[in-house]
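Asks: This structure is in structure tokens; I'll ask about it shortly.
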Amino acid sequence: MELAKWAYNLTESLLAEGLPRRWAHSQQVYAQALTLAPALGADAELLAAAAIAHDVGYAPEAVDTGQHMIDGARYLRDVAGADARLCSIVAFHTSSPWEAAELGLSEVLAEFGPAEQELVDAITFCDLTSSPTGHLVDPAARLVEVLDRYGSEHVVYRAVSAARPELLARVHRVRQRKSEPAQ
């Protein structure tokens, strides 16, 4: 768990004091990632590290493009020296491709590709089952909360609205995988 511990400490230093709600959310996303460990095998620690660090792009030190997924991945890569796979999971989490398209940043996002679908599914599951305040939540309710928080004129609203069917499909795939016996 050295990678996860490193990511945890880094994320805590970036979010805990200035963005406490984001920190609480990230801790719950991390806790959800730990529940997936039996289904992920060798990639369990990588997912745990990505889960805790998935929102570092909101930290003032990381903001660059304004798309937190890309900004977080760039910060992890360029400042923290993180592994390329970790950066890719952070870059592609949840509705990132849709948001990048809305912002004209698809080519920038491609710096971190290709996305590993199984791990993107897993981090999306963890993100969508964790409320902004760090509690477990139903993914469909979480998406409604995001839409309500941003409002119909915001890029996040448009991206999440377009991505919603795929996001819920990701959650469904992870739930199916969790219920299957380990191989």
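The values are calculated or read from the model by the stated rules, or taken from the named source; none is laboratory data. Just so it is clear, the model here is predicted, and its values are computed rather than measured. Every residue, glycine as well, gets a Cβ built from its backbone with ideal geometry; the counts of neighbours run over all protein chains shown. Areas reflect the complete protein model, heavy atoms only, side chains present, ligands, DNA and RNA absent. Shrake-Rupley method; radii C 1.70, N 1.55, O 1.52, S 1.80 Å.
Asks: Go through 84-92, 106-114 and give me the packing order, highest mean Cβ count within 10 Å leading. Walk me through the numbers on the way to the answer.
Replies: Numbers: 84-92: 23.6, 106-114: 14.8.
Most protected by this proxy first, the peptides run 84-92, 106-114.
Asks: Taking the Cα centre of the chain as origin, work out the dipole magnitude from +1 charges on Lys and Arg Cβ and -1 charges on Asp and Glu Cβ, in debye rounded to 20. Mind showing how you got there, number by number?
Replies: Values: 15 positive and 25 negative charges, 102 e Å.
In debye, rounded to 20, the chain gives about 500.
Asks: Which residues' amide hydrogens lie under 5 Å from the amide hydrogen of Thr94, considering only partners 5 or more residues apart or on another chain, with H built in the peptide plane?
Replies: Under 5 Å from the amide H of Thr94 lie the amide H atoms of Thr124, each far enough along the sequence or on another chain.
Asks: Quick check on segment 83-168: what does the Kirkwood estimate of hydrodynamic radius come out to from the alpha carbon pairs, in Å? Walk me through the numbers before you get to the answer.
Replies: Details: mean 1/r = 0.0753 Å⁻¹.
13.3 Å is the Kirkwood radius here.
Asks: A further question on this structure: Compute the signed sum of charges (Lys and Arg +1, Asp and Glu -1) over the other residues within less than 13 Å, Cβ to Cβ, of Arg21. Display every interim value, and only then the final one.
Replies: Numbers: positive: Arg22, Arg149; negative: Glu17, Asp55, Glu145.
Spelling it out: positives minus negatives among the neighbours equals -1.
Asks: Just one of (1) 172; (2) 119; (3) 103 is volume of the Cα convex hull per residue in Å³ as worked out from the coordinates here. Which one is it?
Replies: (3)
Asks: Give the relative contact order (percent, whole number) for segment 1-132; include only Cα pairs under 8 Å separated by 6+ residues.
Replies: Details: 191 pairs, mean separation 34.5, N = 132.
26 percent.
Asks: Where the accessible area of segment 1-49 is counted over protein heavy atoms with a 1.4 Å probe, how much of it, in %, is carbon and sulfur?
Replies: Working: 1310 of 2370 Å².
Carbon with sulfur: 55 percent of the solvent-accessible area.
Asks: Expected output is a single nm value to one decimal: the length gained when fully extending between Gln117 and Ala101, i.e. 0.36 nm times separation in residues minus the C-alpha distance. What is it?
Replies: On the way: separation 16, 0.36 × 16 = 5.76 nm, distance 1.83 nm.
Full extension from Gln117 to Ala101 adds 3.9 nm.
Asks: I need the peptides 20-26, 125-131 ranked by packing, meaning the mean over residues of other C-beta atoms within 10 angstrom, with the highest value on top.
Replies: The peptides rank, most packed first, as 125-131, 20-26.
Asks: Suppose R0 equals 30 Å. What FRET efficiency, 1/(1 + (r/R0)^6) with r the Cβ-Cβ distance, do Ala162 and Arg85 give to the nearest 0.05?
Replies: Working: r = 26 Å, r/R0 = 0.88.
For R0 = 30 Å, the calculated efficiency reads 0.70.
Asks: So, with a 1.4 angstrom probe, what is the percent of accessible area on segment 103-150 that is carbon and sulfur? Each step should come with its number before you reach the end.
Replies: On the way: 1250 of 2140 Å².
Of all accessible area on segment 103-150, carbon and sulfur atoms account for 59 percent.
Asks: State, to one decimal in nm, how far the label point of Ser179 lies from the label point of Ala110, with both points 7 Å from Cα in the Cβ direction.
Replies: Going from the Ser179 label point to the Ala110 one covers 3.9 nm.
Asks: Counting only heavy atoms of protein chains, what accessible area per residue, in Å², does segment 24-77 have with a probe of 1.4 Å? Walk me through the numbers before you get to the answer.
Replies: Working: 1640 Å² over 54 residues.
Accessible area per residue, segment 24-77: 30 Å².
Asks: Between segment 55-78 and segment 2-23, what is the separation of their alpha carbon centroids in Å?
Replies: Distance between centres, Cα-based: 13 Å.
Asks: Here's a follow-up. As a test of the definition: which semi-axes, in Å, follow for segment 4-45 when you take the square root of five times each eigenvalue of its alpha carbon gyration tensor? Largest first, please. Display every interim value, and only then the final one.
Replies: Numbers: eigenvalues 102, 26, 4 Å².
Here the semi-axes work out to 23, 11, 4 Å.
Asks: Can you find, among Ser106, Leu147, Leu19, the residue farthest towards the positive end of the dipole of the chain? Put +1 on the C-beta of Lys and Arg, -1 on that of Asp and Glu.
Replies: Farthest towards the positive pole: Leu147.
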